[in-house]
Amino acid sequence: MTYQEKKSIVLLISTIIIFVSYCLYMYPHYPKGGLDLNETYRYWGSFVLILTIVSIVAHIIISIIFNMIFRITTREKEPSFADELDRLIELKAHRNSFFVFIVGFLLAMGSLIIFQPSQLMFIILIFSGFLSDVTGSVTKLYHYRRGV
Amino acid sequence: MGKNLVGNHIRKLRFNHDEMTQQQLADKVGVTRQTIVALEKGNYSPSLELAFRIALAFNLPLEKVFFYGENTK
């Protein structure tokens, strides 16, 4: 298995673990009562912001650790640049990722039209963000293994 | 994902050139080893520019390295 395939698998697993553990951590902090809109919006705002920051920092740390383990176990250096195949796969991953997020965004807006609570809109938005991330990683893994 | 129609003799040519490694060829043409692996497996059709660079690395014309469709040789 090549560096890019291993990295895609590591990123996929870390994305799932970070998202699930963060949701489990934040779930008990949900404001009780649910009628105070300001408190609810503040909760969802902080949920998204902290999740974004935590994800970025965790991915950087995981990438550094992964590169160190890769160097030690294979005695190879990781590729220092992205070539035409990497860029093509990156583009395909972004396309699929954006498609999933746009579908989620439209579903979230649709939930408001049919008078669903605003919490549902936030849940759909956050979940579609997570799914789009997973889709991007899976697309990369698929194309690195099966070709373009 | 089906196999690409553009085939190549890269693997054979590497061995005929002092058993050149995938990494050596990748360094010569400016791509990662992963791309050479994908090319040899027939999982990727290179850009015209990369195809020319690979042909130049072997000092051969393009058609001696790459072929379109089934290889008859």
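Between A:Ser137, A:Ser21, A:Ser128, which gets the highest mean-square fluctuation from a Gaussian network model of chain A, Cα cutoff 10 Å?
Of the options given, A:Ser21 has the highest mean-square fluctuation.
At a Cα cut-off below 25 Å, give the lysines reachable from A:Lys77, other chains included and same-chain residues fewer than 8 away excluded.
A:Lys6, A:Lys7, A:Lys140, B:Lys28, B:Lys41
How high is the FRET efficiency from A:Leu91 to A:Tyr25, r the C-beta distance, R0 30 Å, rounded to 0.05?
0.30
At 0.36 nm per residue, minus the direct Cα-Cα distance, what do A:Phe98 and A:Arg146 gain on full extension? Give it in nm, one decimal, please. Walk me through the numbers on the way to the answer.
Details: separation 48, 0.36 × 48 = 17.28 nm, distance 2.17 nm.
Gain in length upon complete extension: 15.1 nm.
Could you state, as a whole-number percent, how many of the C-alpha pairs of region A:3-146 are farther apart than 22 Å?
49
Could you tell me which chymotrypsin sites (Phe, Trp or Tyr not before Pro) in chain B are loop residues by DSSP with no more than 14 other beta carbons within 10 angstrom of their beta carbon?
Values: sites: B:Phe15, B:Tyr44, B:Phe52, B:Phe58, B:Phe66, B:Phe67, B:Tyr68; in loops: B:Tyr44, B:Phe58.
Answer in residue order: no site qualifies.
Taking H as built 1.01 Å from N, whose amide H comes closer than 5 Å to the amide H of B:Phe67, not counting residues under 5 places away?
Sorted by chain and number, the residues that satisfy this are B:Gly7, B:Asn8.
Test of understanding: in a Gaussian network model of chain A with alpha carbons linked when under 10 Å, which of A:Ile102, A:Ile16, A:Ile65 would top the mean-square fluctuation ranking?
Of A:Ile102, A:Ile16, A:Ile65, the Gaussian network model singles out A:Ile65 as fluctuating most.
Nothing charged except the Cβ atoms of Lys and Arg (+1) and of Asp and Glu (-1): what's the magnitude of the dipole of region A:3-146 about its Cα centre? Round to the nearest 20 debye.
Roughly 320 debye for region A:3-146.
Applying the Karplus parametrisation 6.51 cos²θ - 1.76 cosθ + 1.60 with θ = phi - 60° to the phi angles of region A:119-135, what ³J(HN,Hα) value in whole Hz is obtained for each residue in order, glycine and proline being reported as x?
Each residue of region A:119-135 in turn: 4, 4, 4, 5, 4, 5, 4, 5, 5, 5, x, 5, 4, 5, 4, 5, 4 Hz.
Assuming 0.36 nm per residue, please report the length gained on full extension of the stretch B:Glu19 to B:Lys41 beyond their Cα-Cα distance.
6.1 nm
Which far-off residues, 5 or more places away or on another chain, put their amide H under 5 Å from the one on A:Gly147, with H placed in the peptide plane?
When sequence neighbours closer than 5 places are left aside, there are no close amide H contacts.
So if each residue of separation counts as 0.36 nm, and I subtract the Cα-Cα distance between B:Lys64 and B:Arg11, what length gain in nm does that give?
17.8 nm
Name the residue, out of A:Asp36, A:Asp86, A:Asp133, whose mean-square fluctuation peaks in a Gaussian network model built on chain A with Cα pairs under 10 Å.
Per the Cα network of chain A with a 10 Å cutoff, A:Asp36 tops the list.
By counting other Cβ atoms within 10 Å of each Cβ, how are A:Ile56, A:Ile62, A:Ile124 ranked from fewest to most?
The fewest-first ordering by Cβ neighbours comes to A:Ile56, A:Ile62, A:Ile124.
Averaging sequence separations of C-alpha pairs under 8 Å and six or more residues apart, then dividing by the length of chain A, give the relative contact order as a whole percent.
Relative contact order of chain A: 34 percent.
Could you work out, residue by residue across B:44-53, how many beta carbons of other chains sit within 10 Å of that residue's beta carbon, and then give the average as an integer?
Taking the mean over all residues of the peptide, I get 2.
Counting every Cα pair in region B:6-54, what percent are over 15 Å apart? Can you show the working numbers first?
Values: 437 of 1176 pairs.
Result for the distance tail: 37 percent.
Using DSSP to define loop residues, name the GluC sites (Glu not before Pro) in region A:75-109 whose beta-carbon has at most 16 other beta-carbon atoms within 10 Å.
The qualifying sites are A:Glu76.
Read the figures in this text as sums done on the coordinates, not as results from a lab. The structure displayed is predicted, hence computed values, not measured ones. Backbone-built Cβ (ideal geometry, glycine too); neighbour counts: all protein chains shown.
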